[in-house]
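Down below is the structure, laid out as structure tokens.
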Amino acid sequence: MSTFARSDSGAPSLVTLLEAHKIAPKRSLGQAFLSDQGMIDAIVKDLLSFSTDCFIEIGTGPGLLTYDLAQHASAVVSIEIDKRFLPLHNDLFSDLKMPPLILYEDARDVDEKRISDLLYRDNIESANYTMPPYVLFGNLPYYLTTELIMSSLTHFPQMHRAFFMIQQDVTDRLTASPRSKRYGPLAIASQLFGHWKIRRTVSRQSFYPVPRVTSKLVELIPHDDFEARQLAGNPAFHTFLVALFQSRRKTICNALSAALKTTEREAHLNRALSLFLEHNNLSSSVRAESLNPSHLAELFQLLQP
């Protein structure tokens, strides 16, 4: 790194880097940056444990983890909405043989096709070309955690793995089971896409500025069923779940009526619901919150015109 010497602890180095470029974390963006070099090293080791050297990062921040990852990988694309970091990144990555590609955009608007076109444009003309396996990583701001995970299911259906740094209470919503208070659209869509594994507990002191709560590093391991993953990332399915769970305590029949708010397709709705209940041997009094992700995926598909 050209003008920045990293200390063993990591935290002073981060603060020094931010101060040198006159950057203060923005509360409005929920910025809390990893500063513990030991934790950064451990996460990079986790990411590099798979047979791929292509990585996509949501939220570059100052770029310390991005820097370490780019030292070992042939392709790193990192998405950062805060353009204040551009001069800092130019400085930080200047001595890397394979510097990361930084997109200064909203991560919710970037998908794997866009990244594939940028990285592998010379190969795109081949009819048999597919993007190589990649690992997705993000240190997610709390206020956007749900949106970023849901948009990741939509935009990155071919991910080999995903790792997200999230606040501890979000973990309960990701892994929630039917009939529990935390069970909702986030759990349903993400569990239809894959299954969750908690990899690390990360202390508050590993971040700068220090947040109020402990964080977890979670891993999303995609299911083999690609069609299920595509459905899990379908924005229309997400909208359906949100509407349905606004009446989570109602019977599924009443919840659907409230969610769809129309009588134009009432006959189709009744036929689809009857078929669904009969196929799954369920009572008409069953509630939306009692249905597992596969049930809700089936119901959504039956309701399509």
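The values are calculated or read from the model by the stated rules, or taken from the named source; none is laboratory data. All of these numbers come straight from a predicted model, not from anything done at the bench. Cβ sites come from the backbone with ideal geometry, for glycine too, and all protein chains shown count toward neighbours.
Here L260 meets the list (1) surrounded by 14 or more Cβ atoms within 10 Å (Cβ to Cβ); (2) more than 16 Å from Q301 (Cβ to Cβ) almost entirely, failing just condition (2). Being under 24 Å from M39 (Cβ atoms) and either in contact with a strand residue (DSSP E or B) (Cβ under 9 Å, 6 or more places away or on another chain) or not hydrophobic (A, V, I, L, M, F, W, C) (or both) is a description that applies to V135.
The residues of region 165-191 that are in a helix (DSSP H, G or I) and of a type outside the set (S, T, N, Q), listed by number, are D169, V170, D172, R173, L174, P185, L186, A187, I188, A189.
Conditions tested, residue by residue: (1) loosely packed, with under 13 Cβ neighbours inside 10 Å; (2) closer than 29 Å to M165 by Cβ; (3) not hydroxyl-bearing (S, T, Y).
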residue	(1), (2), (3)
R199	no, yes, yes
R204	no, yes, yes
S247	no, no, no
A255	no, no, yes
E278	yes, no, yes
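Filtering region 64-81 to residues that are within 20 Å of L118 (Cα to Cα) and touching a strand residue (DSSP E or B) at 6+ places or on another chain (Cβ under 9 Å) leaves T66, L69, A70, A73, S74, A75, V76, V77, S78, I79, E80.
Any residue at all in region 116-139 that is surrounded by fewer than 20 Cβ atoms within 10 Å (Cβ to Cβ), among the aromatic types (F, W, Y) and under 30 Å from R173 (Cα atoms)? Among the residues of region 116-139, not one is surrounded by fewer than 20 Cβ atoms within 10 Å (Cβ to Cβ), among the aromatic types (F, W, Y) and under 30 Å from R173 (Cα atoms), which makes the answer no. Filtering region 23-52 to residues that are surrounded by 15 or more Cβ atoms within 10 Å (Cβ to Cβ), outside any helix (DSSP H, G or I) and either under 19 Å from the mean Cα position of the chain (by Cα) or of a type in the set (S, T, N, Q) (or both) leaves G30, Q31, A32, F33, L34, S35, L48, T52.
Counting only residues that are assigned to a strand (DSSP E or B), over 14 Å from the mean Cα position of the chain (by Cα) and not polar (S, T, N, Q), which one in region 198-224 is farthest from L47 (Cα to Cα)? Restricting to residues being assigned to a strand (DSSP E or B), over 14 Å from the mean Cα position of the chain (by Cα) and not polar (S, T, N, Q), the top hit is Y208. Scanning region 42-64 for residues that are among the acidic types (D, E) and modelled with pLDDT of 95 or more yields D46, E57.
The C-beta contact set for region 223-242 (first residue assigned by TED's automatic domain parsing to the domain that holds Q191, second residue assigned to a helix (DSSP H, G or I) and basic (K, R), distance under 9 angstrom, 6+ apart or interchain) comprises H223/R229. Out of S35, S51, one residue alone is in contact (Cβ under 8 Å) with a residue 60 or more places away in the chain, under 22 Å from Y142 (Cα atoms) and not aromatic (F, W, Y). It is S35. Test A297 against the stated conditions and say whether it is touching a Leu at 6+ places or on another chain (Cβ under 6 Å), in a helix (DSSP H, G or I) and more than 29 Å from Y134 (Cβ to Cβ). It is false that A297 is touching a Leu at 6+ places or on another chain (Cβ under 6 Å), in a helix (DSSP H, G or I) and more than 29 Å from Y134 (Cβ to Cβ). Of all residues in region 206-227, those that are closer than 18 Å to L192 by Cα, of a type in the set (A, V, I, L, M) and surrounded by fewer than 17 Cβ atoms within 10 Å (Cβ to Cβ) total 1. Please work out if L17 is modelled with pLDDT of 95 or more and either part of a loop (DSSP other than H, G, I, E, B) or over 25 Å from G233 (Cα atoms) (or both). So L17 fails the test.
Tell me whether region 151-169 contains one or more residues that are out of contact with any Phe, Trp or Tyr (no Cβ under 7 Å at 6 or more places or on another chain) and either without any contact (Cβ under 8 Å) to a residue 24 or more places away in the chain or among the basic types (K, R) (or both). No.
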